[in-house]
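A short worksheet on the structure shown next.
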Amino acid sequence: MATETTTAELGHGSGLPETAAEAPGMPQLDFSTFSNQIFWLVITMIVIYFVLSRIALPRIGSVLADRQGAITNDIAAAEDLKQKAVEAEAAYNQALIDARAEASRIVEDAKAGIKADLDKAIAVADAEIAAKSAEAEKAIGAIRASASESAAEVAKDIAKDIVAAVAPGKIDAKSITAAVTAKIKG
Amino acid sequence: MAEEAHGAEEGGLVFHPMDQFIVKPLFGDGAVGMFTVTNVTLWMAITVLCIVALLVLGTSRRATIPSRTQSVAELAYGFIYKMVEDVAGKDAIPYFPAVMTLFMFIVFSNFLGLLPMSFTTTSHIAVTAVLAMAVFLFVTLLGFWKHGLSFLGIFWITSAPLVLRPILALIEIISYFVRPLSHSIRLAGNMMAGHAVIKVFAAFAAVLAISPFAIVAITAIYALEVLVSFIQAYVFAILTCVYLKDAVSDPHH
Amino acid sequence: MEGDIVQMGAYIGAGLACTGMGGAAVGVGHVVGNFLSGALRNPSAAAGQTATMFIGIAFAEALGIFSFLVALLLMFAV
């Protein structure tokens, strides 16, 4: 009964009233529609196949290949750049070492130059000091000489005065001078 | 009778789970002839449009850094390509477009069939049987064309003891000819079953007492059906690859 | 009345045919369970065998679908 109701509905729906009594309840087993389905299926499959095999798949394949190529290239480029960076670092380190050596050399030079200048200046200064001290020595000698001379004079004068005061006229000036001179020298 | 009784009792509990599969003419109400434009035509055309939109329009920019659509297209391409390569071997790469065609058609038909009020072309045995027979005939002819009569070696298992070989050959031959049957009925049956079950629960939803349960059940089954739709397309494609492997690889090994 | 008995037989047969789907369910569960236990033992080999698992599922499931088809035929076509 239920089947009959279903088939009646089916027959009405599919517009096949003459087969309604015998038509199966499953639309899948309604053989009158098979040729239609198969026809449209074949057309669909042919269309999809040609669209895919002519347009879509080659395009996607080429895009994927391009991307693979791009990735490979990029990796190679990155490898290259890395190599360059390593080289640059080495060059930098070398430059650093060179610069250090140069700097220490310059420092050495400067030190040597300064030392030479210093030595020279010291020598000059020494010479000057020596000259000055010699001069001073001489001046001191002169002063000393003149000072002893005048001291002798003063001593003779004082001796004369003392003698004159103690024993006037008894001892002459000459002998006093000689005695004082002898006393100073002794 | 039971339905009518139910219908009278519950006020409109009617089961027509198979009505969704009826092939109807799109224009007018006449008989379905071979060239009639029917809902089959409509939904197959929509399938074609979807495939074109995804695989042709989606990749039209040929971007090295893909957009989302292009990513999906490339994913599908890579998925099927790898499947053909892994399962059927490198010799089967020339038939990759055919496998891709089958897969894309089935997966889009299945997914479009899940839309409410839509028509599932792959739930019809006529459709899946044609696909399965096409695969079967193609594989068989390809095998004979590539290997000549030595293609029959796939039935003669040389690694088995000699006594067992005739029996195994018989089993192999039977299973070989059952292939298109199981190949087609698996897909149509899965699609039909899922949709019919959803329809049955939809009829239950009309009854107030159990409608919350029915609606939850529809949701759950719908989720399962989404999964099944994809898996069945995948299984169809992978079995095609398995059959292709018989044809392209050396039958004696 | 006679038609009703035929109908009844068809429906009972359809119900019995549906038990076959339980067998398919057991089979599919067995396939996936064994795949999973193998995959957990050797996860590195699992990825390559997923396709094989799906083929196994497909074969196991096909027989359940056959019984479902028989049920449908009894329901609607007989």
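What follows draws every value from the coordinates through simple rules; no lab data is involved. Since this is a predicted model, take the numbers as computed values, not measurements. For neighbour counting, all protein chains shown are included, and Cβ atoms are generated from backbone atoms with ideal geometry for every residue, glycine included.
About its Cα centre, what dipole magnitude does the protein assembly as shown give when the only charges are +1 on Lys and Arg Cβ and -1 on Asp and Glu Cβ, stated in debye to the nearest 20?
Here the protein assembly as shown has a charge dipole of around 2420 debye.
Between A:Leu118 and A:Ala95, how high is the FRET efficiency from 1/(1 + (r/R0)^6) when r is the Cβ-Cβ distance and R₀ = 30 Å? Nearest 0.05.
0.35
At a Förster distance of 30 Å, what's the computed FRET efficiency of B:Val207 paired with C:Tyr11, Cβ-Cβ distance as r, to 0.05?
Between B:Val207 and C:Tyr11 the formula returns 0.90.
In nm, to one decimal, how far is the modelled label at A:Phe50 from the one at A:Glu102, with both set 7 Å along Cα→Cβ?
Result: 7.5 nm between the two label points.
Which lysines have a Cα lying under 23 Å from the Cα of B:Lys24, excluding residues fewer than 8 positions away in the same chain?
B:Lys199
Within chain B, what's the longest run with no chymotrypsin sites (Phe, Trp or Tyr not before Pro) in a DSSP loop and at most 12 other beta-carbon atoms within 10 Å? Give the range, please.
B:36-253
Which residues does a label at B:Leu152 reach in segment B:170-196, if reach means a backbone N under 17 Å from a point 7 Å past the Cα toward the Cβ?
Of the residues in segment B:170-196, B:170-177 have backbone N under 17 Å from the label point off B:Leu152.
Can you give the FRET efficiency to the nearest 0.05 for A:Ala76 and B:Ala53, using r as the Cβ-Cβ distance and R₀ = 45 Å?
E between A:Ala76 and B:Ala53, to the nearest 0.05, is 0.80.
Mind sorting C:His30, B:His147, B:His124 by how few other Cβ atoms lie within 10 Å of their own Cβ, fewest first?
Placing the least packed residue first, the sequence is C:His30, B:His147, B:His124.
Relative to the first principal axis of the alpha-carbon coordinates of chain A, what is the inclination of helix A:34-50, with its axis defined by its Cα atoms, in degrees from 0 to 90 and to the nearest 10?
The answer is roughly 30 degrees.
Calculate the dipole size of segment B:2-248 relative to its Cα centre from +1 charges on Lys and Arg beta carbons and -1 charges on Asp and Glu beta carbons; express the result in debye to the nearest 20.
With only Lys, Arg, Asp and Glu charged at Cβ, the dipole is about 940 debye.
Can you give me the angle between helix C:43-72 and the longest principal axis of chain C, using Cα atoms only, in degrees from 0 to 90, rounded to the nearest 10?
0 degrees
Nearest 20 debye, what's the magnitude of the dipole of segment B:37-133 about its Cα centre given +1 on Lys and Arg Cβ and -1 on Asp and Glu Cβ?
Around 280 debye, computed over segment B:37-133.
What do you get for the angle between helix A:173-185 and the principal long axis of chain A? Use alpha-carbon atoms, 0 to 90 degrees, nearest ten.
So the inclination is approximately 30 degrees.
Just want the answer: with Cβ charges of +1 for Lys and Arg and -1 for Asp and Glu, which residue in B:Leu137, B:Met44, B:Ile65 is farthest toward the dipole's positive end in segment B:2-248?
Farthest along the dipole direction, towards plus: B:Ile65.
Lysines near A:Lys111 by alpha-carbon distance under 18 Å, same-chain residues fewer than 8 away left out - which ones?
A:Lys120
Going through the DSSP H helices of chain B, which span 15 Å or more along their own axis at the Cα atoms while scoring at least -1.0 as a mean Kyte-Doolittle hydropathy?
Result, helices passing both filters: B:39-52, B:68-83, B:96-113, B:125-147, B:165-204, B:211-248.
Give me the distance in nm between label points sitting 7 Å out from Cα along the Cα-to-Cβ direction at B:Asp19 and B:Arg68, one decimal.
With each label point 7 Å from Cα toward Cβ, the separation is 3.6 nm.
Place a label point 7 angstrom from the Cα of A:Ala134 along the Cα-to-Cβ direction, then list the residues of segment A:105-121 whose backbone nitrogen is under 20 Å away.
Within reach of a label on A:Ala134, which here means backbone N under 20 Å from a point 7 Å along Cα→Cβ, segment A:105-121 contributes A:120-121.
Extending each Cα 7 Å along its Cβ direction at B:Ala169 and A:Ala85, get the distance between those two points in nm, one decimal.
6.8 nm
Given the protein assembly as shown reduced to its alpha-carbon atoms as identical point scatterers, what log10 I(q)/I(0) does the Debye formula return at q = 0.08, 0.10 Å⁻¹?
After summing over all Cα pairs, the log10 values are -0.69, -0.95.
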